[in-house]
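Okay, structure first, notes after.
Rule-based calculations on the coordinates, nothing more; no lab input. As the structure is a prediction and not an experimental result, all values here were calculated from the model. Methodologically, a virtual Cβ is constructed for each residue, glycine included, from the backbone with ideal geometry; neighbour enumeration extends over all protein chains shown.
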2 protein chains.
Amino acid sequence: MSGEQELGITESKEHSPGDWYAEVVQKAGLADYAPMGGFIVTRPRGYALWEAIQDRLDGWFKETGVTNAYFPMFIPESYLEREKDIVEGFDPEVAWVTKGGHDELEEPLAVRPTSESIIAPFMAKWTRSHRDLPLRLNQWCSVVRWEATETKPFFRTKEFLWQEGHTAHETEDEAWTETMTRLDQYERIYEDELAIPVLRGRKPEHDKFPGADTTTTVEALMPDGKSVQGGTSHYLGQSFAEAFDITFIDEDEEERVAHTTSWGLSWRALGALIMTHSDDQGLVLPPTVAPTQVAIVPIWQEDTKDDVLQYSAEIAAELEDAGVSVELDDRDGRNPGFKFNEHELNGVPVRLEIGPNEVEDERVTVVHRPDGESVEEDRSGIADTVEEHFDTVYDKLYAAAEENLEENVREAHSPEDILGTIGRYGGYVKTPWCGDEACETAIKEEIAAEIVMLPLDEDGASSAESAEGDDGEEQIGDECGVCGDEATETAYFAKSY
Amino acid sequence: MSGEQELGITESKEHSPGDWYAEVVQKAGLADYAPMGGFIVTRPRGYALWEAIQDRLDGWFKETGVTNAYFPMFIPESYLEREKDIVEGFDPEVAWVTKGGHDELEEPLAVRPTSESIIAPFMAKWTRSHRDLPLRLNQWCSVVRWEATETKPFFRTKEFLWQEGHTAHETEDEAWTETMTRLDQYERIYEDELAIPVLRGRKPEHDKFPGADTTTTVEALMPDGKSVQGGTSHYLGQSFAEAFDITFIDEDEEERVAHTTSWGLSWRALGALIMTHSDDQGLVLPPTVAPTQVAIVPIWQEDTKDDVLQYSAEIAAELEDAGVSVELDDRDGRNPGFKFNEHELNGVPVRLEIGPNEVEDERVTVVHRPDGESVEEDRSGIADTVEEHFDTVYDKLYAAAEENLEENVREAHSPEDILGTIGRYGGYVKTPWCGDEACETAIKEEIAAEIVMLPLDEDGASSAESAEGDDGEEQIGDECGVCGDEATETAYFAKSY
């Protein structure tokens with residue numbers, strides 16, 4: 001029994017969410033801590049989740065005109081400096097390569113923190129005529145940001161995996177549509193694959209991507225009441241195109257400046273996935289992305305072993321033929337209870353229990369990971385039945401996350417109210433806002449909550465810029481919830497990861 | 001016409017293969033030179049080729065028990081130093097990160113040149129019982145080696161993309177079988193996907209992967225007579241397992257040391273692909289990996305335009321439905337000749353020409369990229385017909401490469417003969433060899449050719465080690481072709497990339 005206890009989760013999601021999260025990540029075999037602070041090792045079960053996200057997003061990107069490329073992992077200091085001309089206060093915390101072999105480099109090389117400054121010059125080179133546009137590039141890679149914070153696997157690491165898309169277009173409209181297309185795809189990965197509902201919005205001026213005209217975001221609410229920035233899609237306007245000379249000869253032979261976008265989603269999506277659904281028994285995953293979707297646990301006595309195993313193997317084969325990822329757990333020397341615990345820890349969404357009774361009655365017992373619900377089903381048509389259970393499990397996970405989100409968007413109209421509501425419940429607190437960063441700072445200094453988003457007018461960049469309460473969402477008041485001055489928009493405050 | 005000339009290849013593959021190669025890579029849109037010497041930017045058409053290789057290899061790896069993982073891109077100096085204990089003379093030329101943000105790091109971090117030293121400690125941590133073995137990990141990533149050589153896209157770059165597999169096993173036999181499985185898969189990617197025949201062999205003692213028991217290789221002969229090391233699979237024996245403490249409790253409760261392997265294939269495979277098949281018109285690709293497999297070029301006059309375009313579009317749709325990657329080139333303002341040249345430059349393996357005659361006769365003209373062979377085919381069943389042409393084009397490419405290989409393995413029995421044969425013909429020169437590195441050095445100093453491989457006894461690591469002329473290939477003589485001492489094996493000399 002001691003072995004089983006060591007295997008299991010000992011921390012409580014409710015009472016110590018940080019420790020609980022770290023324990024789930026390690027015990028479910030998703031990641032391990034690297035010897036250098038801030039770095040992790042992504043183990044096969046964790047990496048398989050990232051591959052599932054890659055697989056879906058990459059497919060959607062390609063369906064919508066994106067091609068993958070690969071740019072160097074190093075960026076010369078002078079290239080990075082060039083962004084300083086565009087962006088006031090741009091001072092990236094990066095890792096610097098200063099030595100190659102035994103020699104000092106003449107110019108230090110930054111390990112890419114993001115690749116605008118190395119990609120934009122090539123976009124300029126490759127864009128000559130309107131016929132070269134739109135240009136849509138994406139790369140899957142790792143980036144490094146040298147921030148001194150406590151390591152939290154997938155949420156806060158100095159190196160992380162992501163994709164970064166970079167596009168150039170002839171017109172503002174096209175670039176804005178591109179920005180929204182990618183935001184839609186980010187929303188879709190969360191809502192249709194990870195069973196996490198999100199809010200769409202844009203970042204306040206002072207929290208935009210440096211140089212961006214508009215930074216749009218999908219935000220997911222974690223069970224502990226904090227918001228996760230799930231992916232961002234930036235309409236960059238013409239600032240990067242002007243700085244890097246991304247121009248094209250239009251049909252009328254005039255030279256014009258392109259409009260660009262960039263957009264990225266990182267393995268933070270994995271962090272949100274793990275944190276949202278998992279529980280005190282371990283990892284919980286939706287069947288859409290689970291590396292193992294079904295664990296079959298045969299339950300036998302010596303005299304029934306052959307029959308039970310044969311029946312189980314037939315079902316395993318039938319599921320595999322139907323494209324289900326299945327593990328037949330016929331290990332000797334492990335009792336069914338041990339196996340149940342292990343598959344629960346590892347987040348296998350559906351368990352099939354098969355004992356002599358099931359064999360005799362030509363039935364199968366189907367158990368849902370999230371809530372332990374157990375249903376007997378007919379042996380015949382088991383593949384279709386299992387697919388239906390996948391949908392049910394997905395719906396359960398989504399419904400629970402949706403309920404959490406819906407219950408935790410509250411309104412407040414005074415600083416005390418904002419602070420009290422976030423302090424008591426967490427979640428999002430929306431309040432009318434004058435647009436002044438100082439009002440955010442006032443709240444942030446008290447309770448470490450910030451404006452994670454503003455409602456987004458999806459019609460276009462210029463209308464989002466001039467947002468004056470026509471943001472597609474009703475203005476909830478005329479006076480800023482912090483300073484009482486005239487409010488111009490609605491701000492969503494939350495603590496965030 | 002000047003535009004067309006600029007587009008086209010101006011260098012000769014035969015007379016200036018280096019310049020020709022660089023021109024094909026750039027003009028076919030595969031890669032561009034980065035601002036830092038030794039680095040390249042992989043453009044979408046080039047990256048799509050890498051994705052094709054990844055797609056096949058990754059599938060085969062997973063079918064044979066490999067799981068993907070991701071380890072940090074940085075390795076602490078002390079970890080890398082540890083390999084010095086295992087490997088005499090280990091002194092990697094790497095890029096060093098010495099600064100993070102504005103601070104000097106306490107310990108420099110190497111950008112991974114290969115990941116044994118960071119992966120092995122985790123393999124040790126994760127391996128407790130024989131039940132944890134075999135452990136098969138792979139990662140797709142980039143690595144950096146700070147070698148001061150002239151940049152040659154995909155062949156010689158300081159940063160390159162590759163996969164590195166790392167496995168641990170209970171027995172020598174299992175580890176050797178693993179080594180051979182990966183070598184088989186590397187051979188398969190060349191022979192069945194890239195249309196390049198390879199030779200299988202092992203490296204001489206002095207050229208093995210540092211610390212390896214046996215380094216096996218697939219070697220491909222380029223048209224200019226040089227050999228490319230196409231991929232290597234290392235049987236590491238127990239040296240790494242001992243140094244990093246990769247041990248396991250066996251069924252009999254005894255602690256044993258594991259046997260490990262590592263194996264890698266880089267984007268050098270792309271270099272070999274481009275160099276092998278391409279010609280003075282530009283890129284040539286086998287249909288197996290070509291991002292665009294078919295270009296349809298409609299040829300119309302004003303009065304036939306509608307009919308020709310409609311007929312072409314129907315065929316394009318039919319091919320797409322059959323899973324063919326097709327581009328219907330219906331651009332106005334470009335004449336058919338221009339389009340032919342462009343698709344030839346870009347390496348589209350099959351072109352369909354459709355004019356009014358084809359429409360009237362319900363026919364299609366099919367043109368093969370490699371040799372310009374042109375065949376008229378029936379419109380009906382065009383998808384199957386095109387697939388047959390794919391096979392034919394593949395066979396043509398493979399046959400040409402095979403002929404080059406077969407004609408260029410020669411035998412020599414004296415230093416003058418070795419030097420003269422390589423000098424005159426290039427290719428491989430096989431000669432009896434005493435096993436002394438000095439005999440390689442003597443040749444190398446004269447003509448920059450080295451021993452690229454020895455025949456491989458596939459039966460096992462220990463028998464390969466004690467290779468005494470029973471190498472699965474007939475011993476071709478008793479006296480070393482260089483020094484005249486007793487020969488113990490057959491060495492293949494060649495110039496190499």
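See the values below:
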item: Projected label distance in nm at A:Gln310 and B:Gln26, using a 7 Å step from Cα toward the beta-carbon; result: 7.0 nm
item: Exposure proxy ranking, count of Cβ atoms within 10 Å, fewest first, for B:Met453, A:Met222, A:Met180; result: A:Met180, A:Met222, B:Met453
item: Candidates per trypsin sites (Lys or Arg not before Pro) in segment B:76-151, loop by DSSP, up to 15 other Cβ within 10 Å; result: B:Arg128
item: Exam field: B:Gly18 pseudo-label spacings to other copies (7 Å along Cα-Cβ), nanometres; result: 5.8
item: For segment B:75-197: relative contact order, % (alpha-carbon pairs under 8 angstrom, 6 or more apart); result: 21 percent
item: Quarter of Cα convex hull surface for segment A:312-445, i.e. mean projection, nm²; result: 12.4 nm²
item: C-alpha long axis of helix A:17-27 to longest principal axis of chain A, angle in °; result: 60 degrees
item: Contour minus Cα-Cα distance for B:Thr441 and B:Ala322 (0.36 nm per residue); result: 37.3 nm
item: Alpha carbon centroid spacing (whole Å) that separates segment B:68-146 from segment B:13-62; result: 27 Å
item: Two-site FRET efficiency, B:Ala383 against B:Asp184, from Cβ-Cβ distance with R₀ of 35 Å, rounded to 0.05; result: 0.65
item: For segment A:357-404 and segment B:296-327, distance of Cα centres in Å; result: 48 Å
item: Positive-end extreme of charge dipole, segment B:338-417 - chosen from B:Ser414, B:Val375, B:Asn404 (charges on Cβ); result: B:Val375
item: Out-of-range pairs (alpha-carbon distance over 27 Å; input B:Lys203/B:Lys226; A:Lys99/B:Lys226; A:Lys84/A:Lys203; B:Lys62/B:Lys125; B:Lys226/B:Lys339; A:Lys339/B:Lys62); result: A:Lys99/B:Lys226; B:Lys226/B:Lys339
item: Order of B:Cys434, A:Cys439 under a 10 Å beta carbon neighbour criterion, fewest first; result: B:Cys434, A:Cys439
item: P(r) weight above 15 Å for segment A:126-221, C-alpha pairs, percent; result: 73 percent
item: Rounded tilt (10° steps) of B:305-321 against the dominant C-alpha axis of chain B; result: 30 degrees
item: 3J(HN,Hα) from dihedral phi, segment A:146-158, Karplus parametrisation 6.51/-1.76/1.60, rounded to Hz, x for glycine, proline; result: 8, 9, 8, 9, 5, 5, 9, x, 6, 9, 9, 9, 5
item: Ellipticity estimate at 222 nm from DSSP helix runs (n ≥ 4, -39,500 (n - 2.57)) divided over chain B, nearest 500; result: -11000 deg cm²/dmol
item: Interchain or long-range residues, amide H under 5 Å from A:Val348's placed H; result: none
item: Mean Cα-pair separation over length for chain A, i.e. relative contact order, pairs under 8 Å, 6 or more apart, %; result: 14 percent
item: Order of A:Arg424, B:Arg268, B:Arg369 - criterion: other Cβ atoms within 10 Å of each residue's Cβ, fewest first; result: A:Arg424, B:Arg268, B:Arg369
item: Pseudo-label separations to other copies for B:Lys125 - Cα-to-Cβ vector, 7 Å, nm; result: 4.0
item: Rel. contact order, % - alpha carbon contacts under 8 angstrom, at least six apart, segment A:281-409; result: 30 percent
item: Copies compared at A:Glu406 - label distances in nm, ascending, label defined 7 Å from Cα in the Cβ direction; result: 7.2
item: Under 5 Å, built H, 5+ apart or other chain: amide partners of B:Glu479; result: B:Ala487
item: Convex hull volume of segment A:2-277 per residue (C-alpha atoms, cubic angstrom); result: 147 Å³
item: Euclidean distance of C-alpha centroids, segment A:151-179 and segment A:190-250, integer Å; result: 7 Å
item: Distant alpha-carbon pairs in chain A (separation over 34 angstrom), percent; result: 44 percent
item: Using θ = phi - 60° and Karplus 6.51 cos²θ - 1.76 cosθ + 1.60, couplings along segment B:362-374 (whole Hz; Gly, Pro as x); result: 6, 10, 9, 9, 9, 10, 8, 4, x, 10, x, 4, 10
item: C-alpha long axis of helix B:44-63 to longest principal axis of chain B, angle in °; result: 50 degrees
item: Under the Karplus curve 6.51 cos²θ - 1.76 cosθ + 1.60, θ = phi - 60°, whole-Hz ³J(HN,Hα) for segment A:422-433, x wherever Gly or Pro sits; result: 5, x, 7, 10, x, x, 9, 10, 9, 8, x, 9
item: A:Glu104-B:Glu373 FRET efficiency (beta carbon distance; Förster radius 60 Å; 0.05 resolution); result: 0.60
